1. Would you tally the net charge around Phe257, using a Cβ to Cβ cut-off of less than 11 Å, leaving Phe257 out, and scoring K and R as +1, D and E as -1?
2. Do you know the relative contact order of the chain, to the nearest whole percent, from alpha carbon pairs under 8 angstrom that are 6+ apart?
3. Mind ordering 51-61, 131-141 by average Cβ neighbours within 10 Å, highest first?
4. Looking at Ala144, Gly43, Ala241, which one has the Cα that reaches farthest to the positive end of the dipole of region 2-486 (charges on Cβ: Lys, Arg +1; Asp, Glu -1)?
5. So what's the net charge close to Ala228: Lys and Arg +1, Asp and Glu -1, counting the other residues with Cβ under 12 Å from its Cβ?
6. Report, by chain and number, residues whose modeled amide H sits under 5 Å from the one on Leu13, excluding near sequence neighbours (fewer than 5 apart, same chain).
7. If a/c stays under 1.5 just call it rounded; otherwise compare a/b with b/c (prolate if a/b is bigger, oblate if not). Do that for the chain, with a ≥ b ≥ c from the square roots of the Cα gyration tensor eigenvalues.
8. Under a point-charge model restricted to the Cβ atoms of Lys and Arg (+1) and Asp and Glu (-1), what is the dipole moment magnitude of region 2-486 relative to its Cα centre, in debye to the nearest 20?
Amino acid sequence: MILGPFNRVEGDLEVRIDVADGAVQSARVTSPLFRGFETMLVGRPAADALVYAPRICGICSVSQSVAAARALAGVRAPGQARAMMPANGALAINLVHAIENVADHITHFYLFFMPDFARDVYARADWHEAAATRFRAITGTASAQMLPARAGLMRMMGVLAGKWPHTLSIQPGGSTRPISRAEQARLRLMLAGFRGFLQDVLFAAPLEQVAALSSVAALEAFADGPGARGDFAHFLKIARATGLDRLGVTRLRHIAFGAYPSADGPLFARGVYDAGAGAVAPLPIETIAEDVSHAWYMGAEGGPARPQQGTTLPDMSSDAAYSWCKAPRLGGAVAEVGALSRQLVAGHPLLRDLVAMGGGANAQARVIARLIEVALVVLAMERWLGAVDPAAPFADTAPLADHGEGAGLTEAARGSLGHWLRLEGGRIAQYQIIAPTTWNFSPRDAAGTPGPLEQALVGAPVLPGESDPVAVQHIVRSFDPCMVCTVH
């Protein structure tokens with residue numbers, strides 16, 4: 001079966017599944033549209049990266065801005081010290097980035113993921129009528145509450161970044177948009193309004209209580225007790241009834257580049273989590289390479305190329321290729337990224353317990369991780385906003401080096417995002433990007449090893465007569481794909 005195009009997905013996606021005995025036996029995931037942003041950037045003045053790169057995507061443009069700014073900041077001449085970003089600059093960028101990531105998480109939950117439970121295939125389930133009334137696309141009651149709350153959150157972006165998407169406030173040396181004391185007070189009120197929505201509607205409980213959930217048993221008690229009337233509990237009850245923890249299972253390494261840095265360290269750490277060992281190890285960035293054996297690109301001599309040496313040269317002559325997505329690998333191995341990966345690396349006890357009990361990452365755990373992260377990040381936003389000193393500088397405007405290499409690593413809502421560039425004479429000589437969905441929706445590599453989604457789809461049930469299997473939809477959406485970022 002060939003499924004696609006998928007609705008409620010940013011960009012173009014096609015999935016081919018081979019079905020036998022009522023289940024998916026193998027899958028091939030195709031990104032069918034070439035875009036070429038990396039190629040557009042070559043030859044441009046260095047600062048153009050801050051204008052072009054965010055336009056890779058309209059829903060995670062801040063993440064692209066952060067990665068581009070960090071890559072530019074990392075370029076320095078031999079012996080030159082790295083510029084020190086003022087504390088206010090780091091706080092302002094964290095706030096802007098957090099707004100976008102949190103908005104992405106709640107948009108995914110309410111508008112992308114939950115509407116699938118209103119499908120007619122579930123009509124006989126005792127929970128279906130309530131789910132359809134609440135989450136059906138367009139007419140569901142949930143969107144009427146979520147959209148105004150999201151709009152209120154995004155108004156903070158106007159104060160902090162000037163506009164969204166594609167702000168230019170994020171620069172290598174900090175933020176060009178200082179915050180006055182009056183604006184700081186307004187931002188507190190805006191954030192309090194959004195917290196109210198989360199505590200009244202999504203969780204039906206204080207954020208502190210949600211963030212502190214530490215085990216599957218505690219989560220189940222929460223869903224049946226204090227949080228029972230919230231949309232989070234509604235999801236958990238449907239997930240329990242549909243066996244969502246058995247869908248989309250992967251047993252891979254999880255990586256995170258680190259998120260929301262500060263003088264005290266990142267809010268979420270950088271590292272590699274091995275679910276089998278239950279331990280976190282340092283992330284060997286230098287072992288990241290992209291395999292193009294099954295992608296429509298010209299390969300480098302010697303096999304997979306590190307981003308610093310990578311190219312984006314279309315070549316559709318290979319009979320083995322089936323996607324415009326490259327295949328990133330960590331030390332030659334497949335790795336998964338996303339909110340679940342971030343929280344596993346960060347050591348959140350609930351998410352580690354969910355993965356341990358589920359026998360690996362799964363569709364339910366990926367959704368829960370996003371919602372737990374919403375609570376954690378909004379609590380951090382309150383702290384960051386309180387730490388801003390309106391009288392202090394927000395940016396270091398020292399000139400940047402015009403020769404050398406730099407890397408900008410960050411965490412978008414969907415997972416680890418990296419920009420790698422080389423400057424020559426103040427112009428971009430090379431630019432490579434590995435986006436979260438490039439990791440998760442990668443094709444096979446030279447060894448024939450499928451990417452994370454291709455592995456997750458194996459075993460998904462296909463009911464008799466289904467032309468658009470709902471289980472496949474759940475698994476695909478559990479990764480929250482952004483296909484326009486995937487093929488840059």
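1. Values: positive: Arg70, Arg270, Arg342; negative: Glu411.
Result for the local shell: +2.
2. Working: 1028 pairs, mean separation 127.5, N = 488.
The value is 26 percent.
3. Working: 51-61: 20.8, 131-141: 16.2.
Those peptides, ordered most packed to least, come out 51-61, 131-141.
4. So the residue furthest toward the plus end is Ala144.
5. -1
6. Distant-sequence amide H within range of Leu13: Phe6.
7. Note, shape of the chain comes out oblate.
8. That gives a dipole near 920 debye.
A short reminder: the numbers here are calculations on the coordinates, not readings from a lab. This is a predicted model, so every value here is computed, not measured. Using ideal geometry, Cβ is built from the backbone for each residue, glycine included, and neighbour counts are taken over all protein chains shown.
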